[in-house]
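What follows is a set of notes on a single structure, which appears directly below.
Derivation of every value follows stated rules applied to the coordinates shown; laboratory data play no part. Nothing here was measured: the structure is a model prediction, and the numbers come from that model. Every residue, glycine among them, receives a Cβ derived from its backbone with ideal geometry; neighbour counts consider all protein chains shown.
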């Protein structure tokens, strides 16, 4: 259904150096089910397009802070990573972290730092696919990546899937990136998902928000 609906959308022509080109993009699509007759109609509530660089499988996953795991504490961290043309991470910064519990302010700060440190230590060793300039990927790419720390529950539910912040801190700026490019929405992001912050790689010719898929 989604593939059929999106295939009917019209996009602005993609061009690189004045010539027509293919482009690769991630799409975040949020749909609303509206009662219609005996069934439902799907309406587009939100759609965004992002660039991306695929993380290679050998990249290490962040280690769950041992003390937090021992007492059953959950957390989530969003960071920005700067990736060069060969796929190496050259810089990192924490953007936001949130905890699924409440403690005293000093304790909250301590636990946030623990989760953040685990992600930053891992990110230094991440490797991404080299930039494919032919598909519009930039050699110097900044990605925002979310990491969720949660202990397995009976239903397997990720408590941070929709970033329902129970106790967090304001998002930080990315020091190496222009302010106008630092517009992003992390609601609905999956664990480990990363998107590139840059001009949208593709653009729709017509508005689709609020319309049937």
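The order of 128, 40, 64, going from fewest to most other C-beta atoms within 10 Å of their C-beta, is 40, 64, 128. Neighbour counts of C-beta atoms inside 10 Å place 7, 97, 52, 21 in the sequence 7, 21, 52, 97, starting with the fewest. With a/c under 1.5 counting as rounded, go ahead and sort segment 1-124 into rounded, prolate or oblate using the C-alpha gyration tensor (a ≥ b ≥ c being the square roots of the eigenvalues; past the cut-off, prolate if a/b is larger than b/c, else oblate). Oblate. Averaging the sequence gap over all C-alpha pairs within less than 8 Å and six or more residues apart, then dividing by the number of residues, gives segment 29-107 a relative contact order of 18 percent. Based on C-alpha pairs under 8 angstrom that are at least 6 apart in sequence, segment 2-50 has a relative contact order of 28 percent.
Ranked for footprinting exposure by Cβ neighbours inside 10 Å, fewest first, 47, 145, 77 give 47, 145, 77.
Is segment 44-103 best put as rounded, prolate or oblate by its Cα gyration tensor, with a ≥ b ≥ c the root eigenvalues, rounded for a/c under 1.5, and otherwise prolate when a/b is larger than b/c, oblate when not? Note, shape of segment 44-103 comes out oblate. Using a ≥ b ≥ c from the Cα gyration tensor of segment 2-50 (square roots of the eigenvalues), is it rounded, prolate or oblate, where a/c under 1.5 gives rounded and otherwise the larger of a/b and b/c decides, a/b for prolate? The shape class here is prolate.
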